[in-house]
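Notes follow the structure.
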Amino acid sequence: YKKPVDEITEDDIEKYLTGKRRKLAKSTCVHIKNAMSNSFKRAVKARVIKTNPCKGAEIPEGKDDAKVLAEPYNEQEITQLLEAFKGSRHYPLVLFLCKTGVRIGEAIALQLDDLDRDGRKASINKGIVRGQISTPKNGKAREIDLTPALVAVLRKLRLKNKIRGPYVFQNLSGVHVDVNNFRNRIWRDTLAKNDLRKVRIHDLRHSYASILIHKTKDLHYAKEQ
């Protein structure tokens, strides 16, 4: 938009997002809106503008907004999945996804500084979408608990990664894991080779939630996690 920042309106933002919505998924448009909103917040703070035009802007619905039915693994299938990845350099990432329920973009964006000193908690404050660092999907950071088994694995990984780069889950070059390569090659190939039911990586999030709720009976804790 070739328009001064103090002249951009809520209507301008909605028109822009509507244009993006014709080609992109709603979740992607949410990330775009969040990124823009953060910039406008800084402009408000600097008193360049009075209000954030993103605040009331809505993203239009589309054909792809129908709920995709999740096909979560049960606890036995999660055990089989982890066994299939055991020994692989991707095992820590898969264990993290299974034991925390975070989104794949949030997991690969995790940095060593996001783990507390004892390693028992992790701050989920960013995600990687289309190769770019963004805010978490809902725009809010959260702190999550880590299981003892996960803490032990991350501690070993932490010692190795301190030499190479800031990301907890890295590729051989020392940068964060490429989600497309992981999804299209590593994930799908591992499921096929081990006769595991084909599910999306995102379904691990649903698996974690259902298993956690079944074990703890604590809906509030599951929601916070």
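Below, the figures for the structure above:
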{"item": "Where the range 177-224 is the region considered: accessible area per residue in Å², 1.4 Å probe", "result": "69 Å²"}
{"item": "Cα gyration tensor shape for the range 4-132, rounded if a/c is under 1.5, else prolate or oblate", "result": "oblate"}
{"item": "Unit charges on C-beta of K, R, D, E only; dipole of the chain, Debye", "result": "560 debye"}
{"item": "Mean projected area (nm²) of the alpha-carbon convex hull when the range 111-207 is viewed from all directions", "result": "7.3 nm²"}
{"item": "Violating pairs (Cα-Cα greater than 30 angstrom) within the set Lys156/Lys217; Lys86/Lys215; Lys55/Lys126; Lys20/Lys126", "result": "Lys156/Lys217"}
{"item": "12 Å Cα-Cα reach of Lys23 towards aspartates and glutamates, excluding residues that sit fewer than 8 places from it in its own chain", "result": "Asp64"}
{"item": "For Lys3, solvent-accessible area (1.4 Å; no DNA, RNA or ligand), Å²", "result": "80 Å²"}
{"item": "Value of [θ]222 nm, deg cm²/dmol, for the chain, DSSP H segments ≥ 4, -39500 (n - 2.57) each, nearest 500", "result": "-14000 deg cm²/dmol"}
{"item": "Kirkwood hydrodynamic radius over Cα pairs of the chain, then Stokes diffusion coefficient at 10 °C and 1.306 mPa s, in µm²/s", "result": "82 µm²/s"}
{"item": "Principal-axis tilt of helix 203-216 within the chain, Cα atoms, nearest 10 degrees", "result": "70 degrees"}
{"item": "Environment charge of Asp145, counting only residues whose C-beta is closer than 10 Å and scoring Lys/Arg +1, Asp/Glu -1", "result": "+1"}
{"item": "Acute angle (nearest 10 degrees) that the helix 10-21 long axis makes with the longest principal axis of the chain, alpha-carbon atoms", "result": "40 degrees"}
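The values are calculated or read from the model by the stated rules, or taken from the named source; none is laboratory data. For clarity, every value in this text was computed on a predicted model and none was experimentally measured. All Cβ positions, glycine included, derive from the backbone under ideal geometry; neighbour counts span all protein chains shown. SASA here: full protein model, heavy atoms, side chains in, ligands and nucleic acids out. Shrake-Rupley method; radii C 1.70, N 1.55, O 1.52, S 1.80 Å.
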